[in-house]
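Have a look at the structure below before the remarks.
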Amino acid sequence: MENSMRSRASRIRVLIADDNRAVRRGLRLQLDAVPDITVIGEVSNGIDAVTVARSERADVVLMDLQMTGLSGIDATRALVGHASENQVSVIIMTSFARDGYVADALDAGAVGYLLKSHDSAQVVDAIYAASRGDAVVSARVTASMLREFVRRGKPRVARDASAMLTVAERRVVATLSSGITSNEDIALHLHLSVHTVRSQLQSALKKSGTADRTQLALWGVRNDLSSEAT
């Protein structure tokens, strides 16, 4: 209910950047039906994405990877690296699940990475998350993105956050955050039953205040739990 109660002034301002007119149209129809999201425009190339996002004070940009003039990665880098009172969050929306593209998106400063063919139902929730500064990624690229975070050695945050978990829950979240993402693989890795893994993940979700497994995995990385994976 909180999101639906936003005032007109506090609506999330979204720019759609994609060189495919049908994709832009589909996203616009989807977002126009959401009361607290305002689509401020549609553009078909990276140069216009940067220009319009700045001039129209976009909160979130849905950014295609491959566009003419300026790629989605370069446009993201230009927007995120630009000093401005209005900070823009970029969600990459693409057809490509390659590890290299995911790493490039993270390097450029994107907070989200969704696949057009699999994640259309997640777009609205992803926009809400991005407007809060939270990361959201497709389940199809979660493992590779987590491996990239772990490889980089993300800085620690307050350890008190992860102290709320039991030892058993910490082990399961640590394994999830290391890039082993299915219940079955976690159970095999930790010599547990799938039921136990599922129960511990559900408990960890509640304690951490995260909405889904992807956010829980990212929470574990930010709290340095991935380093505890055995």
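Quick notes
- Residues in segment 17-28 carry Karplus couplings, in order, of 10, 7, 7, 9, 4, 5, 5, 4, 4, x, 5, 4 Hz; the curve used is 6.51 cos²θ - 1.76 cosθ + 1.60 with θ = phi - 60°, and Gly or Pro positions show x.
- Modelled spin labels at T166 and L188, positioned 7 Å past Cα toward Cβ, are 2.6 nm from each other.
- Accessible area ranking (1.4 Å probe, heavy atoms, ligands and nucleic acids excluded), largest first, for K116, K206: K206, K116.
- Approximate spin-label separation D107-D212, in nm, with each point projected 7 Å along Cα-to-Cβ: 2.7
- Taking a point 7 Å from the Cα of T68 along the Cα-to-Cβ direction, the residues of segment 25-50 with backbone N closer than 16 Å to it are 43-49.
- In this label model, A22 and H118 are separated by 2.1 nm, measuring between points 7 Å along each Cα→Cβ vector.
- Tail beyond 20 Å, pair distance distribution of segment 27-130 (Cα, percent): 33
- Rel. contact order, % - alpha carbon contacts under 8 angstrom, at least six apart, segment 10-148: 20
- Rounded if a/c under 1.5, otherwise prolate or oblate - segment 17-88, Cα gyration tensor axes: oblate
- For segment 93-135: rounded, prolate or oblate by the Cα gyration tensor [a/c cutoff 1.5]: oblate
- Rounded accessible area per residue of segment 166-230, 1.4 Å, Å²: 46
- Using 0.36 nm per residue and subtracting the Cα-Cα separation, the extra length available between A139 and R98 on full extension is 13.5 nm.
- ³J(HN,Hα) computed for each position of segment 58-68 - Karplus, 6.51 cos²θ - 1.76 cosθ + 1.60, integer Hz, glycine/proline x: 5, 8, 9, 10, 8, 10, 6, 7, 9, 9, 6
- Exposure ranking of Y113, Y128 by accessible area [1.4 Å probe, largest first]: Y128, Y113
The values are calculated or read from the model by the stated rules, or taken from the named source; none is laboratory data. From a predicted model like this one, the values you see are computed outputs, not experimental measurements. Don't worry about glycine lacking a Cβ; one is built from the backbone with ideal geometry, like all the others, and counts go over all protein chains shown. These area figures cover heavy atoms from the full protein model, side chains too; ligands, DNA and RNA do not enter into them. Shrake-Rupley method; radii C 1.70, N 1.55, O 1.52, S 1.80 Å.
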